[in-house]
Amino acid sequence: MNKLLRHTEVVEAIPAGSTIAIGGSSLSRKPMSLVRALAARGAGDFRLIVDVGGPEVDLLLGTRKVSRVVYAFVGFEIMGLAPNFRRAREQQTTEFEEWTEFTVMAGLDATVKNVPFLPTHAGLGTDVLTVNPSFRLFQDPIEGETLVAVPALKPDFALIHVNLADPFGNGVILGDGHVDVLCAKAARHTILSAERIVSPEELQRYGRDVQIHRIHVDAVVEAAWGAHFTGCAPYYRADLAHVQAYLAAARTPETWDAYCARYVTDVPADYIQAVGGPEELVGRLEV
Amino acid sequence: MDYSVDELMIAAMARELSGEVMVSSVTALGALSAYLAKRTHAPELAVLSTPESGMEVTPMPTLTLGQFMTDAQRGIPLTMEDIFDAIFLDRFRIWINPAQIDRFGNVNITAIGPWASPRVAMVGSRGIPEDTSHLSAILYYVTNHSPRTVVERVDFRSGAGYGPDRERLLGQRGAPTRLVTNLGVFDFNGPDHSLAVLSLHPGVSREAVQEATGFPLSFSDDGRMDETPPPSENDLAIIRASDPLEVRKLEFLGGREAAERLVQIYERERQAMRAALWQNRGRLR
């Protein structure tokens, strides 16, 4: 029942070509230490599923680990467009499928509910339906309306970062939950990273904040600052200075390679030192 | 009293919000207009402090990055299911700022050029398709009204405006209702539901707004255009007190400059929050 593993053990267990759903939302609580570990290994060809994506998709695209992306959004909010996502879209080096925020949730939920699709009106009248061949229009048998059939999304793995976890895979999320519970339930295998591992007794004190349940979880890794450079509320904010450095580095192949050598290839303990060490991070990012 | 265009727009946007509905705060202008409306004519609004949570607290404009930071900002927590349930039940409002909006209110945040081989790949439709298939008020704003942003036809429909698809599949559900730009306030009551001027901001001429628009605009027939009412002194006091670091101005700047300014503001905001937090702790003791 003890599911504690190291980052390297976990990412080695993910076969090339796997479909991976990633939790978090834009610059919030992305499982970045797991993503860096994936980006640092050899084989990739991953097929990503994200609802509101950001640095995690961009980093995996920039390190050529991705063959396909299902997304509702990929960006860095007001900080800018996602540079590697943008390049991959414009140069058509990767396969993309545009979904929407609710339909990604519905696709995951269809898998959870063990049905082939879920119906919605979302997307009608937009070009998402024109460019996305996965959606089908159908005549609803009850009232005769035209609806969108959102097919089940079936991730092999889900990567989720939480505030606290016990060794059995129960996880506490203290900030916005995003779509992480759906990812955890829909994936065949779910991997949690947690800021801190605590005993089951301590974890139970968090009541409803224990959002991830161990029956859906296969592995747990401890990762202090594991969401950096995205934020992990209420512990620390997104590191916008690092976001700037990332975006600047992504402008040329040379600076991008240098960024990856410094921050991606050596994981995970060295990363925290590379971005300034725990004390500096506390000073910069805690409220 | 002196005011700037961001404040004029926020006041105009606030006037469009009322009722016991959730209002999401995805941008600084959206958050501030919701908060202003709540503090003036619409106390019943359930304003969120982030795109997905924190109901019933004062929004902080940088929280639109998507997370609350302290217990004081937490408010009532929500889930993504709560958000989409409110959208599907039409108890939700949001101000959306698209990269392009067209004559019939279709909007684009996905791509410039063809979707499969874009000249500029932007971000992806996010939750706009959900809004434009369900809500009875669809609210857009544009901070740089020009022929590149207010266009004859969007390159990609991230959100459904008027047109044959709407007629066939949606009817009025999720149809565009308002556009506020740096030049004026518009609705979609022109011929065939095309964009029409409701009011022009003080100092903006009909010629200027027409020149900034990528298609022929409709004006009201009597030839006398209303002028957008300026923000009141009370409006300005509320806007400036809730956004002392002027995050609202960033939406009028170019990409890299806005990012640089935000990084500075973000750190100043953290220090202010930290000071307030310690002050509160002192009081509790």
* Asked: B:ILE238 versus (1) of a type outside the set (Lys, Arg); (2) more than 14 Å from chain A (Cβ to nearest Cβ); (3) in a loop (DSSP other than H, G, I, E, B): which is the lone unmet condition?
  -> (3)
* In the list B:ILE101, B:ILE87, B:ILE83, which residue meets the criterion of being part of a strand (DSSP E or B) and modelled with pLDDT of 70 or more? -> B:ILE101
* Structure fact -> Going through (1) surrounded by 16 or more Cβ atoms within 10 Å (Cβ to Cβ); (2) within 14 Å of another protein chain (Cβ to nearest Cβ); (3) touching a residue at least 40 places away in the same chain (Cβ under 8 Å) one by one, B:ALA276 fails only at (1)
* Structure fact -> Of the residues in region A:77-92, those that are at the interface with another protein chain (Cβ under 7 Å from one of its Cβ atoms), out of contact with any Pro (no Cβ under 7 Å at 6 or more places or on another chain) and free of Cβ contacts under 8 Å to residues at least 12 places away in the same chain come to A:ILE78, A:LEU81, A:ARG86, A:GLN92
* Single residue of region A:37-58 satisfying the filter (surrounded by 24 or more Cβ atoms within 10 Å (Cβ to Cβ) and farther than 19 Å from A:ASP180 by Cβ) that is farthest from the other protein chains (Cβ to nearest Cβ) -> A:ALA39
* To do: Please name all residue pairs, on different chains or six or more residues apart, with Cβ atoms under 9 Å, provided the first residue is in region A:121-143 and is closer than 20 Å to B:ASP155 by Cβ and within 11 Å of another protein chain (Cβ to nearest Cβ) and the second residue is part of a strand (DSSP E or B) and of a type in the set (D, E, K, R).
  => A:ASP127/A:GLU98; A:VAL128/A:GLU98; A:VAL131/A:GLU97; A:VAL131/A:GLU98; A:ASN132/A:GLU97; A:ASN132/A:GLU98
* Would you check if B:GLY54 is touching a helix residue (DSSP H, G or I) at 6+ places or on another chain (Cβ under 7 Å), crowded, with 24+ Cβ neighbours inside 10 Å, modelled with pLDDT under 95 and at positive phi? => yes
* To do: Can you run down the residue pairs with Cβ atoms below 6 Å, 6 or more apart or on separate chains, where the first is in region B:88-117 and within 11 Å of chain A (Cβ to nearest Cβ) and the partner is surrounded by fewer than 20 Cβ atoms within 10 Å (Cβ to Cβ) and of a type in the set (Lys, Arg)?
  => B:ILE112/B:ARG119; B:GLY113/B:ARG119
* Which of (1) farther than 30 Å from A:PRO200 by Cα; (2) in contact (Cβ under 8 Å) with a residue 60 or more places away in the chain; (3) part of a loop (DSSP other than H, G, I, E, B) does A:ALA16 not meet, given it meets every other one? -> (2)
* Take region B:222-235 and flag every residue that is closer than 20 Å to B:THR181 by Cβ and touching a residue at least 40 places away in the same chain (Cβ under 8 Å). => B:THR228, B:PRO229, B:PRO230, B:PRO231, B:ASP235
* Unmet criterion (only one of (1) on the phi < 0 side of the Ramachandran plot; (2) surrounded by fewer than 18 Cβ atoms within 10 Å (Cβ to Cβ)) for B:ASP235 -> (2)
* Asked: Counting only residues that are among the small types (Gly, Ala, Ser) and over 16 Å from A:HIS178 (Cα atoms), which one in region A:61-74 is farthest from the other protein chains (Cβ to nearest Cβ)?
  -> A:SER67
* To do: Mind listing whichever residues of region B:127-151 are more than 8 Å from chain A (Cβ to nearest Cβ) and in a loop (DSSP other than H, G, I, E, B)?
  => B:LEU135, B:SER136, B:ALA137, B:ILE138, B:THR143, B:ASN144, B:HIS145, B:SER146, B:PRO147, B:ARG148, B:THR149
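To keep it simple, each residue is scored yes or no on (1) farther than 27 Å from B:VAL263 by Cβ; (2) in contact with an Asp or Glu (Cβ under 6 Å, 6 or more places away or on another chain).
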| site | (1), (2) |
| --- | --- |
| A:GLY42 | yes, no |
| A:PHE46 | yes, no |
| A:ARG64 | yes, no |
| A:TYR71 | no, no |
| A:ARG86 | no, no |
| A:GLN92 | yes, no |
| A:GLU98 | yes, no |
| A:PHE102 | yes, yes |
| A:PRO116 | yes, no |
* Asked: Taking the condition of a type in the set (A, V, I, L, M) and within 25 Å of A:ALA238 (Cα to Cα), does B:ALA276 pass?
  -> yes
* Asked: Somewhere in region B:136-144, is a residue surrounded by fewer than 21 Cβ atoms within 10 Å (Cβ to Cβ), among the small types (Gly, Ala, Ser) and within 23 Å of B:PHE215 (Cβ to Cβ)?
  -> no
* To do: Filter region A:100-120 for residues that are more than 7 Å from chain B (Cβ to nearest Cβ) and in contact with a Ser or Thr (Cβ under 8 Å, 6 or more places away or on another chain) and give the result.
  => A:THR103, A:ALA106, A:THR120
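Listed here are the residues, each with its yes/no results for (1) free of Cβ contacts under 8 Å to residues at least 24 places away in the same chain; (2) not charged (D, E, K, R).
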site	(1), (2)
A:LEU247	no, yes
A:ARG262	yes, no
A:ASP270	yes, no
A:VAL275	no, yes
A:GLY283	yes, yes
* Would you point out which residue out of B:VAL154, B:VAL185 is more than 12 Å from chain A (Cβ to nearest Cβ) and among the β-branched types (Val, Ile, Thr)? => B:VAL185
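The values are calculated or read from the model by the stated rules, or taken from the named source; none is laboratory data. This structure is a prediction, so every number in the text was calculated from the model and none was measured. Every residue, glycine as well, gets a Cβ built from its backbone with ideal geometry; the counts of neighbours run over all protein chains shown.
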